[in-house]
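Okay, structure first, notes after.
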2 protein chains.
Amino acid sequence: MSPRAGIDPGAVLRAALEIADSEGAEAITISSVAQRLGIRPPSLYNHVSGLNELRSWVAVHALRQLQDAIVAAAGNKKGEAAILSFADAYIGFVREHPGLYEMIQLAPGPEDREIGEAGDRLVDFVVGLLDDYNLTKEEALHTVRGLRSLIHGFASLERQKGFGLPLDVQDSLNFNLKLILDGLRRRTG
Amino acid sequence: MSPRAGIDPGAVLRAALEIADSEGAEAITISSVAQRLGIRPPSLYNHVSGLNELRSWVAVHALRQLQDAIVAAAGNKKGEAAILSFADAYIGFVREHPGLYEMIQLAPGPEDREIGEAGDRLVDFVVGLLDDYNLTKEEALHTVRGLRSLIHGFASLERQKGFGLPLDVQDSLNFNLKLILDGLRRRTG
DNA sequence: ATATTTTAACTAATGATATTAGTTTTGAGA
DNA sequence: TCTCAAAACTAATATCATTAGTTAAAATAT
């Protein structure tokens with residue numbers, strides 16, 4: 001059913017992921033991926049519709065990886081412990097895979113429904129972690145947005161070397177997470 | 001002292017800023033800027049060393065604009081009121097100038113010392129806003145990092161349409177800012 | 001086993017892009 | 001008015017993405 005086999009969508013994705021991981025997001029080009037697969041650039045169009053689709057694939061996969069890491073880290077913890085583990089896993093992912101994280105940021109073109117859906121799933125998951133804070137639906141959503149923004153902010157500022165001072169980034173993040181979580185606890189008794 | 005005048009570094013920067021504002025950060029190219037200035041692309045190299053330098057100019061200028069907006073918004077307020085105004089100005093800038101904000105994120109190559117210095121100045125300014133919370137030096141720095149990350153996180157997630165739910169973003173941000181600020185207040189009495 | 005058909009590779013070509021080299025022009029100052 | 005440096009130009013190279021059209025191989029049908 002496929003002559004000259006050996007290259008399937010999975011192989012294309014894998015090649016792109018490897019390039020993103022080793023050389024950064026910008027290094028993902030039709031040429032570089034084709035070269036890594038041992039074919040000429042135009043031949044890659046037999047497997048993917050163009051650079052945009054390729055980027056979208058990478059972004060979706062990177063987001064799934066990030067989600068998996070987060071869910072695994074939270075395990076069946078709840079409350080503060082779960083949130084702190086969540087943050088740890090998030091920051092760790094960005095440190096380990098800066099290129100992939102960059103792709104998640106870059107890709108969200110208007111077309112990428114999958115990205116949006118993955119994001120929604122993550123929100124639901126985090127809302128679940130906040131169960132025992134007895135928040136209203138609205139409070140819970142505000143909080144999830146805040147946690148996500150805080151952690152994303154730390155991750156992306158760290159990635160772009162935004163923290164010059166000799167103060168541990170993890171400590172700073174935990175300090176602020178605790179401020180928020182303690183505030184929630186106080187709010188609900 | 002300059003034949004065929006009319007184009008100086010300021011004009012180049014202005015052209016690039018206009019393009020970033022109207023068409024987005026990616027639209028800043030040697031070609032587009034040259035075209036807007038009415039010259040051929042290679043001629044632009046008489047005024048700027050290349051695309052990287054051009055991007056760096058835009059990023060530095062955008063960061064200064066953002067700083068000015070923030071400082072103006074904070075005025076001579078202090079404490080919570082200052083921080084809320086700060087956040088407002090930050091988010092407002094990103095909404096008004098998404099292309100410029102994008103350039104701030106993009107540019108920080110390792111060479112850009114100016115970007116780093118501008119960031120440091122901003123940190124000092126915000127530390128000043130927190131005077132009456134009576135924090136230790138370290139607590140203040142953790143807090144500034146947190147506020148910056150939270151606001152940057154909100155701004156950049158909003159820009160990339162990361163918030164799907166029909167819940168006001170400004171409300172979410174204020175909710176979380178207040179959690180943090182109330183937590184600080186409690187911590188110090 | 002052979003013929004057909006599908007499809008993945010190819011080459012060639014087009015049109016952006018950035019950038020360098022080398023040349024011409026022009027305007028400011030001697 | 002002449003000189004010269006600066007700023008424009010043209011020409012060329014290299015790297016992108018992408019499209020069109022061709023060839024070849026492998027799976028399938030006869």
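Since every read-out is calculated from the coordinates, none of them should be taken as a lab result. Remember, predicted model here, so these are calculated numbers, not experimental data. All Cβ positions, glycine included, derive from the backbone under ideal geometry; neighbour counts span all protein chains shown.
Averaging Cα coordinates gives a centre for region A:106-173 and one for region A:21-92; these two points are 17 Å apart. Just A:99, A:38, A:119 to compare: in a GNM of chain A, with alpha carbon springs under 10 Å, which one fluctuates most? Taking springs between Cα atoms under 10 Å, the residue moving most is A:38. Is the shape of region B:1-48 rounded, prolate or oblate, going by the alpha carbon gyration tensor and its root eigenvalues a ≥ b ≥ c, with a/c under 1.5 for rounded and a/b larger than b/c for prolate? Cα axes put region B:1-48 in the prolate bin.
Relative to the dominant Cα principal axis of chain A, helix A:137-159 is inclined by about 60°.
Of B:41, B:98, B:166, the residue with the greatest mean-square motion in the GNM of chain B, using alpha carbon springs below 10 Å, is B:166. Take each residue in A:115-124, count the other chain C-beta atoms within 10 Å of its C-beta, and the mean is 2. Rounded to the nearest 500, the 222 nm mean residue ellipticity of chain A from helices alone is -23500 deg cm²/dmol, with -39,500 (n - 2.57) taken per DSSP H run of at least 4 residues. Using C-alpha pairs under 8 Å with a sequence gap of at least 6, the mean separation divided by the residue count of region B:86-189 gives a relative contact order of 33 percent.
Which shape class applies to chain A: rounded if a/c is under 1.5, otherwise prolate when a/b exceeds b/c and oblate if not, where a ≥ b ≥ c are the square roots of the Cα gyration tensor eigenvalues? Prolate is the answer for chain A, as a/c is 1.5 or above and a/b outweighs b/c. Straight-distance candidates among the aspartates and glutamates for linking to residue B:137, with alpha-carbon spacing under 19 Å and chain neighbours fewer than 8 residues away dropped: A:168, A:171, B:80, B:120, B:124, B:182. Note on B:169-182: average number of Cβ atoms from other chains within 10 Å of each residue's Cβ is 5. For peptide A:133-145, the mean count of partner chain Cβ atoms within 10 Å of a residue's Cβ comes to 3. Among A:148, B:64, the order by Cβ neighbours within 10 angstrom, fewest to most, reads B:64, A:148.
Here residue B:128 yields copy-to-copy label distances, from shortest upward, of 4.8 nm, the label point defined as 7 Å from Cα along Cα to C-beta.
Sorting B:137, B:161 from the fewest to the most surrounding beta carbons within 10 angstrom yields B:137, B:161. Evaluated with a Cβ-only charge set (Lys, Arg +1; Asp, Glu -1), region A:1-48 carries a dipole of roughly 280 debye about its Cα centre, given to the nearest 20. Full extension of the chain between residue B:187 and residue B:14 yields a length gain of 57.6 nm, computed as 0.36 nm times the residue separation minus the alpha carbon distance. Report note on the peptides B:65-72, A:55-62: ranked by the mean count of other C-beta atoms within 10 Å, highest first, their order is A:55-62, B:65-72. In nanometres and ascending order, the distances from the residue B:117 label point to those of the other copies are 5.0 (point 7 Å from Cα along Cα→Cβ).
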